[in-house]
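Please read the structure below before turning to the comments.
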Amino acid sequence: SLAPIFQIVSNCSLNSNVTLRFYYNESNVANENSIRVYKFISGEWIDQNAILNSTLNYLDLNVTGFSIFAVKSSSELELQNISASPLGNSATITWTTNLDANSFVDYGLTTSYGSTSSSASYVKSQSRSLSSLSSNTTYHYRVKSCQSTSICKTSVDYNFTTTQGTVL
């Protein structure tokens, strides 16, 4: 679960912008550059890229409206080496993560995707096989991995083109 240093709820007017300042005790943090502020959005904790002031031990974040935040010190999840290997009417999507995480691939004929392949296994080497694809067709895909805390990272859109299917 997300084990935050602390949590805060912001409740300001939708038309006003407020800067929240999150102070931390540096003796409780192994690596100040690993401190992150997460916002709870649609059931997931999303990194908000708060501005770190390591000299005065705080992070600043501009917010508008009602939000729930958590501050946590941990390494940020990274998606690396994303690639697709199409073969006939199938494709294998692979990537690595720097931390143990599960894997999701959203794919389809447009960036609206429409199909998902997932695995609940928490590993660093991710692989999802997509089958029953149309031959000679371009597919869009994006990968997503989540730590057990529901802190997720989603890639940008990629695409691949399937090859001619085999004839029996």
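What follows draws every value from the coordinates through simple rules; no lab data is involved. Everything numeric here is computed off the predicted structure, so don't read it as measured data. Ideal geometry is used to build each Cβ from the backbone, glycine not excepted, and the neighbour counts take in all protein chains shown.
Count charges around TYR158 for me, please; just the other residues with Cβ under 15 Å from its Cβ, Lys/Arg as +1, Asp/Glu as -1.
+2
Please state the relative contact order of segment 83-168 as a whole percent: Cα pairs under 8 Å, 6+ residues apart? Can you show the working numbers first?
Details: 206 pairs, mean separation 29.6, N = 86.
Relative contact order comes out at 34 percent.
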